[in-house]
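Novice: Submitted below is the structure of interest, expressed as structure tokens.
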Amino acid sequence: MKSGRCVRVGVRVRAVLVALLGPLTWGTVQAESPQDVLAPPAALQLQGVPQVPQSLVRQVARYNRFDSMGLVGWHPTERELLISRRPPNGNVSQLWRLSSPQASPDLLTLGDEPINTASYEPQEGRYAVVQRAVGGNEAYQVFRLDVATREMTLLTSPERRHQFSGWMHRQSAILVTSVPLDRVAGQAAPTTQIWKIDPLRADHKTRIAELDGTGWAVAAISHDDRQLALQRYISANESQVWWMDVASGAVRQALPAPGTSAPPTMATYRPVAFTPDDRQLWVVSDSASEFGELMRWDVASGTLQRMTSKIPWDVDGVSVSRDGAWVALRVNVDGRDELRVLNARTGETLALPPLPEGSVTRALFHRQLPELAFTVNDAQSPNQLYTLDVERGTLQAWARARAQSASPVTMTAQEIVRWKSFDGRTISGLINRPPMGKFTGKRPVLISIHGGPESQARMGFAGRTNYLIQELGLVVIQPNVRGSSGYGKTFLTLDNGKLREDSVKDIGSLLDWIASQNDLDASKVVVTGGSYGGYMSLAVATHYADRIAGSIDVVGISHFVTFLQNTETYRRDLRRVEYGDERDPSMREHLERISPLTNAHRIRKPLMVVHGKNDPRVPYTEAEQIVSRVRANGVPVWYLRADNEGHGFARKENADYQFYATVLFLQQVLGLESLEKKDS
């Protein structure tokens, strides 16, 4: 019954689209029989989206069955790992135990919700704590997982959002931060609570402190369990380190030292770990340069020792060995994370054996062994898992995630491209080109803009997007417009407040660059993006409607004022620092003026919008209002809303269907067919 209704609605929708755009743009529309189309997932609501033919599902299949995994953590005493991956035929990532290199993983959790965060009890590893939300709402709760029975016990109150923050060293107790949950602007100022919880006795919990605001995080715990190093996040360009006395809950600012003269520019400080004697604290900070450096802060003297000043890139991730002898770094070199291991005492870099090609996505030391686990992402496959014995200098492969296909495809690797923007500033991005010789003529372009806005397009596996490149012949460009991270703290501020549309102009300059390339078709460009990238795709559609063929907005902001009013309370003030405070009349006028919803009458090319109904960051009403406004102007709009998702689709069935619809959208607005379809 459901499939038949879908067919009838789909035929009517296609007829409307053809009437609006004409057969030359959209091609011939033919009704599909129920057995020839893929029924959408039950929770996916569709408007204006044509049926997905099973022939497309078959064509995409070998690009859609990749087995990705994430490194979660080590067992405290055994040489075994926790990983996250989706079970065969499963819908979301779950927790697995990998007992040895190349072993078959043992599934530890089941359910309809993804689990990507977990940590073993650090003394014996008899149980673990995990973090999970429902339906993409990001209202995370913390559970105890009994590894033997697989039973899970709730440890926190569903009335607040919780974040697992680490284990005490001398007792098996965890620290958890929590913030209130609501989306009503004008409520009482939110606070952050810090709790100590005994996972074996959920009723044994103590609230250590309650702090004003929501930018607080427990970043490091002293080995004597007496002090916490807190990070107070103010913005992507400003954060502080505070001390907290565990017994009293008293806090005081540590970095930058209160009363000192202000630096010429704002700086960030991110505490990582105490040294074993608690006399020093490892910190990542950009206070001394444009980039985040590893530093060692002496607690008694207050001096900061720069450890990586000769590396002109951001230190993205840090892991310190339990004995404090080694420090592993992930260094972001132009969008590719490289692994470095330092002698903690001398700061000298360890000579490593040849490492696998790709970008290192995570690295963690074992609690007792001098062994580092890390994952590598490359163009050919998602995360591959390795360990490195830092004393012996030996490398061992543990697990390799591969695209599961009977007929493997060699993916083309990304390259870096650069162009001049409107003000002479150089902007860079990543480009994926189709295989040489497989396609003729100038190639259409998909511009894919990252979110954040303080994020960055990174080297790595392209996932389903490989189908667009390998079979549709699209060139995919991922720009790192001003405001992106990875290129220094000054670059990061260049889109703040009233400079917001300068990043949109960077895309205008990219369109100019595309038009200057002999192999790219400037008349066939589609722009897409998620979250802030969704805003960017809408903004490009309003500013450069005559230069694009269509746009795709995924969980994007359509109006800054309604976004700030309706985002979750725990995020609102932090986002005001980036976008501007809508309570200020001058800033409100600016935000109103530049918002895509205000300028929706300028959107003249087909639009596709994707959103999750439970999104706490960018509420789904941002999608509803832009869909309604653009559709009222007579422009075709495809709208996919998942009632069981949040800020992006985490469930495979929803993500698959979103991709099939994206392929159909691109084929129709660009007039493309896959090579497989031509050959069939």
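The values are calculated or read from the model by the stated rules, or taken from the named source; none is laboratory data. Since the model is a prediction, treat every value here as computed from it, not as a measurement. Counting neighbours? That spans all protein chains shown, and the Cβs are built from the backbone with ideal geometry, glycine included. These area figures cover heavy atoms from the full protein model, side chains too; ligands, DNA and RNA do not enter into them. Shrake-Rupley method; radii C 1.70, N 1.55, O 1.52, S 1.80 Å.
Novice: Only residues in region 101-126 that are under 18 Å from Ala399 (Cα atoms) count as the first member; pair them with residues that are of a type in the set (S, T, N, Q) and open to solvent by 50 Å² or more (accessible area, probe 1.4 Å), Cβ under 9 angstrom, at least 6 apart or cross-chain, and list the lot.
Specialist: Going by the 9 Å Cβ cut-off, the qualifying pairs are Pro101/Gln396; Pro105/Ser99; Asp106/Ser99.
Novice: Considering only residues of region 409-425 that are within 25 Å of the chain's Cα centre (by Cα) and not in a loop (DSSP other than H, G, I, E, B), which is farthest from Gly358 (Cα to Cα)? Even if it seems obvious, please write down each step before you answer.
Specialist: So the first thing to find is which residues in region 409-425 are within 25 Å of the chain's Cα centre (by Cα), and the list is 411-418.
Now restrict to residues that are not in a loop (DSSP other than H, G, I, E, B): 415-418.
Numbers: Glu415: 13, Ile416: 14, Val417: 18, Arg418: 21 Å.
Checking each candidate, the answer is Arg418.
Novice: Sticking with this structure for a sec: Select, from Ala229, Ala236, Ala188, the only residue that is of a type outside the set (D, E, K, R), modelled with pLDDT under 95, over 18 Å from Ser157 (Cα atoms) and crowded, with 19+ Cβ neighbours inside 10 Å.
Specialist: Values: Ala229 fails: modelled with pLDDT under 95; Ala188 fails: crowded, with 19+ Cβ neighbours inside 10 Å.
Going through Ala229, Ala236, Ala188 in turn, just one is of a type outside the set (D, E, K, R), modelled with pLDDT under 95, over 18 Å from Ser157 (Cα atoms) and crowded, with 19+ Cβ neighbours inside 10 Å: Ala236.
Novice: Among the residues of region 146-161, which ones are open to solvent by less than 30 Å² (accessible area, probe 1.4 Å) and in a strand (DSSP E or B)?
Specialist: Initially, region 146-161 is screened for residues open to solvent by less than 30 Å² (accessible area, probe 1.4 Å), giving 147, 155-156.
Matches in region 146-161: none.
Novice: From (1) out of contact with any strand residue (DSSP E or B) (no Cβ under 9 Å at 6 or more places or on another chain); (2) of a type in the set (A, V, I, L, M); (3) open to solvent by 30 Å² or more (accessible area, probe 1.4 Å), pick out the condition that doesn't hold for Ala250.
Specialist: (1) is the only condition that Ala250 fails.
Novice: Sort out which residues of region 313-330 are over 27 Å from Gln368 (Cα atoms) and modelled with pLDDT under 95, and write them in order of number. If you could, list the steps in order and put the result at the bottom.
Specialist: Taking region 313-330 first, the residues over 27 Å from Gln368 (Cα atoms) are 313-314.
The answer is none; no residue qualifies.
Novice: While we're looking at this one, here's another question. Quick one: which of Phe164, Phe143 is part of a strand (DSSP E or B), open to solvent by 30 Å² or more (accessible area, probe 1.4 Å) and either under 29 Å from Val272 (Cα atoms) or in contact with a helix residue (DSSP H, G or I) (Cβ under 8 Å, 6 or more places away or on another chain) (or both)?
Specialist: Numbers: Phe143 fails: open to solvent by 30 Å² or more (accessible area, probe 1.4 Å).
Result of the check over Phe164, Phe143: Phe164.
Novice: Follow-up. Considering each residue of region 128-140, count those that are in contact (Cβ under 8 Å) with a residue 24 or more places away in the chain, in a strand (DSSP E or B) and within 20 Å of Asn644 (Cα to Cα), and give that number.
Specialist: 1
Novice: Further question: Of the residues that sit in region 253-312 and are among the basic types (Lys, Arg) and either open to solvent by 30 Å² or more (accessible area, probe 1.4 Å) or in a loop (DSSP other than H, G, I, E, B) (or both), which one is nearest to Lys489 (Cα to Cα)?
Specialist: Arg270
Novice: Arg588 passes all but one of (1) surrounded by 19 or more Cβ atoms within 10 Å (Cβ to Cβ); (2) not in a loop (DSSP other than H, G, I, E, B); which number fails?
Specialist: With respect to (1) surrounded by 19 or more Cβ atoms within 10 Å (Cβ to Cβ); (2) not in a loop (DSSP other than H, G, I, E, B), Arg588 is out only on (1).
Novice: Pairs under 7 Å by beta carbon, first residue closer than 23 Å to Met168 by Cβ in region 304-331, partner open to solvent by less than 30 Å² (accessible area, probe 1.4 Å) and among the polar types (S, T, N, Q), six or more apart or different chains?
Specialist: Going by the 7 Å Cβ cut-off, the qualifying pairs are Gly324/Thr275.
Novice: State the number of residues belonging to region 491-507 that are in a helix (DSSP H, G or I), of a type in the set (A, V, I, L, M) and more than 20 Å from the chain's Cα centre (by Cα).
Specialist: Let us first name the residues in region 491-507 that are in a helix (DSSP H, G or I), namely 491-492, 497-507.
Within this subset, residues satisfying the condition of being of a type in the set (A, V, I, L, M) are 492, 499, 504, 507.
Imposing the further condition that a residue be more than 20 Å from the chain's Cα centre (by Cα) reduces the set to 499, 504, 507.
The number of residues fulfilling the criteria is 3.
Novice: Let me ask something else. Regarding region 469-490, can at least one residue be identified that is among the charged types (D, E, K, R), at pLDDT 95 or above, open to solvent by less than 30 Å² (accessible area, probe 1.4 Å) and part of a helix (DSSP H, G or I)?
Specialist: yes
The rows are residues; the columns are (1) of a type outside the set (D, E, K, R); (2) open to solvent by less than 10 Å² (accessible area, probe 1.4 Å); (3) touching a Pro at 6+ places or on another chain (Cβ under 9 Å).
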residue	(1), (2), (3)
Glu348	no, no, no
Pro356	yes, no, no
Leu369	yes, no, no
Ala379	yes, no, no
Arg392	no, no, yes
Ala399	yes, no, yes
Thr412	yes, no, yes
Asp423	no, no, no
Ile447	yes, yes, yes
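Novice: Something else about it: Return a yes/no flag: does region 626-634 have any residue that is touching a helix residue (DSSP H, G or I) at 6+ places or on another chain (Cβ under 7 Å), open to solvent by 60 Å² or more (accessible area, probe 1.4 Å), closer than 23 Å to Leu468 by Cβ and not in a strand (DSSP E or B). First the steps, then the outcome.
Specialist: Initial filter on region 626-634 (touching a helix residue (DSSP H, G or I) at 6+ places or on another chain (Cβ under 7 Å)): 626, 629-630, 633-634.
Keeping just the survivors that are open to solvent by 60 Å² or more (accessible area, probe 1.4 Å) gives 629, 633.
Next, only the ones that are closer than 23 Å to Leu468 by Cβ stay: none.
No: zero hits.
Novice: Scan region 597-616 residue by residue and report those that are surrounded by 21 or more Cβ atoms within 10 Å (Cβ to Cβ) and in contact with an Asp or Glu (Cβ under 8 Å, 6 or more places away or on another chain).
Specialist: Leu607, Met608, Val609, Val610, His611, Gly612, Asp615, Pro616
Novice: Right, Leu597: of a type outside the set (S, T, N, Q), outside any loop (DSSP other than H, G, I, E, B), farther than 28 Å from Ile469 by Cβ and free of Cβ contacts under 8 Å to residues at least 60 places away in the same chain or not?
Specialist: Values: of a type outside the set (S, T, N, Q): yes; outside any loop (DSSP other than H, G, I, E, B): no; farther than 28 Å from Ile469 by Cβ: yes; free of Cβ contacts under 8 Å to residues at least 60 places away in the same chain: yes.
For Leu597, the condition - of a type outside the set (S, T, N, Q), outside any loop (DSSP other than H, G, I, E, B), farther than 28 Å from Ile469 by Cβ and free of Cβ contacts under 8 Å to residues at least 60 places away in the same chain - is not met.
Novice: Still on this structure, please answer the following. Is there a residue in region 560-574 that is open to solvent by less than 10 Å² (accessible area, probe 1.4 Å) and among the acidic types (Asp, Glu)?
Specialist: No; the residues of region 560-574 include none that is open to solvent by less than 10 Å² (accessible area, probe 1.4 Å) and among the acidic types (Asp, Glu).
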